[in-house]
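Asks: What follows is a structure written as structure tokens; I'll ask about it next.
The values are calculated or read from the model by the stated rules, or taken from the named source; none is laboratory data. Since we're looking at a predicted model, the values are computed, not measured. Positions of Cβ are generated from backbone atoms using ideal geometry, with glycine treated the same way; all protein chains shown enter the neighbour counts.
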Amino acid sequence: MLIPQDQQFDIWDPKITIPILALDIVIFTIYKWELCVLITKREEYWEQWYSLPGSIVSKGYTLDENFDEVLKRKTGITGVYKEQLRTFWDNIQRDPRGHVIALAYYALVKAKKLLAQVDFTQVDIVTIAQFRKLKVFYEHWEIVEYALKRLKWKLWYTDIVKELLPEKFRISEMQRIYEIILCKNIDKRNFQKKIFSLKIITDTGEKDHSTNRPAKLYKFENKRIKVIDML
């Protein structure tokens, strides 16, 4: 259930003496075989600036409820894997309207789901390399870099890659996502040997015929993120 709009109120009162809590979301996806993030566009200082989807936290609701509401309202997307990163509070001048502390999350969304739900009137998809060249608000560049580190760490000891793969996939697709995020080449034979030894995926009995070389399609044994010794 999303937070009613009439319960999101303006709290930029100069008389308020405590910091204001904001929620910023890094949304990762693999789009056209590149690691990408979603950004919102903002016209400021007569120039095009960008920011992560985010909003002030609404009173009386959990952080998960706030996350779901911000994600839906700012991007059109619902039902994604999410993790809380950390708070960003060192820059007390980050917002000219008041003292704001940012609580950052990152989310993973499959490309097919993203394209089916995303509201492109509100957001753009950019690669990590493109994002680093944009004019962004606050410490959003720092938040994205921190989220990227977290994602890389999780690839080493969990099967979180399932949140970026389609339900049925070639094992070569799985390897390619690891290579894209980790920015390194991985030996095909060693990768497959490791994956099969972990017993986290199963053969669907189907084949992908989208190329001249049909390949087996696999799926994960379960939907929950599992701790593994991946790499």
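Asks: Here are some residues: Ile171, Ile160, Ile201, Ile180. Which one is surrounded by fewer than 18 Cβ atoms within 10 Å (Cβ to Cβ) and modelled with pLDDT of 95 or more? Steps first, please.
Replies: Numbers: Ile171 fails: surrounded by fewer than 18 Cβ atoms within 10 Å (Cβ to Cβ); Ile160 fails: surrounded by fewer than 18 Cβ atoms within 10 Å (Cβ to Cβ); Ile201 fails: surrounded by fewer than 18 Cβ atoms within 10 Å (Cβ to Cβ).
One residue alone meets the criteria, Ile180.
Asks: Right, here's the next one. Of all residues being surrounded by 12 or more Cβ atoms within 10 Å (Cβ to Cβ) and either among the acidic types (Asp, Glu) or out of contact with any Phe, Trp or Tyr (no Cβ under 8 Å at 6 or more places or on another chain) (or both) in region 208-224, which is farthest from Leu151 (Cα to Cα)? Just the residue, please.
Replies: Step one: list which residues in region 208-224 are surrounded by 12 or more Cβ atoms within 10 Å (Cβ to Cβ), which gives 208, 214-221.
Checking which are either among the acidic types (Asp, Glu) or out of contact with any Phe, Trp or Tyr (no Cβ under 8 Å at 6 or more places or on another chain) (or both) leaves us with 208, 214-216, 220-221.
Numbers: Asp208: 28, Pro214: 31, Ala215: 28, Lys216: 27, Phe220: 19, Glu221: 21 Å.
Looking at residues that are surrounded by 12 or more Cβ atoms within 10 Å (Cβ to Cβ) and either among the acidic types (Asp, Glu) or out of contact with any Phe, Trp or Tyr (no Cβ under 8 Å at 6 or more places or on another chain) (or both), I get Pro214.
Asks: Quick check: is even one residue across region 124-143 under 14 Å from Val37 (Cβ atoms) and of a type in the set (Gly, Ala, Ser)?
Replies: Within region 124-143, one or more residues are under 14 Å from Val37 (Cβ atoms) and of a type in the set (Gly, Ala, Ser).
Asks: For region 40-84, what are the residues that are assigned to a strand (DSSP E or B) and either under 14 Å from Ala22 (Cβ atoms) or modelled with pLDDT of 95 or more (or both)? Don't jump to the end; show me each part of the working.
Replies: So in region 40-84, the residues assigned to a strand (DSSP E or B) come out as 40-44, 47-51, 54-56, 81-84.
Matches in region 40-84: Thr40, Ser51, Gly54, Ser55, Ile56, Tyr81, Lys82, Glu83, Gln84.
Asks: When you go through (1) surrounded by fewer than 19 Cβ atoms within 10 Å (Cβ to Cβ); (2) modelled with pLDDT under 95 one by one for Val100, which number turns out not to apply?
Replies: For Val100, the failing item is (1).
Asks: Among the residues of region 142-155, is there at least one that is surrounded by 18 or more Cβ atoms within 10 Å (Cβ to Cβ), outside any helix (DSSP H, G or I) and not assigned by TED's automatic domain parsing to the domain that holds Thr204?
Replies: No; the residues of region 142-155 include none that is surrounded by 18 or more Cβ atoms within 10 Å (Cβ to Cβ), outside any helix (DSSP H, G or I) and not assigned by TED's automatic domain parsing to the domain that holds Thr204.
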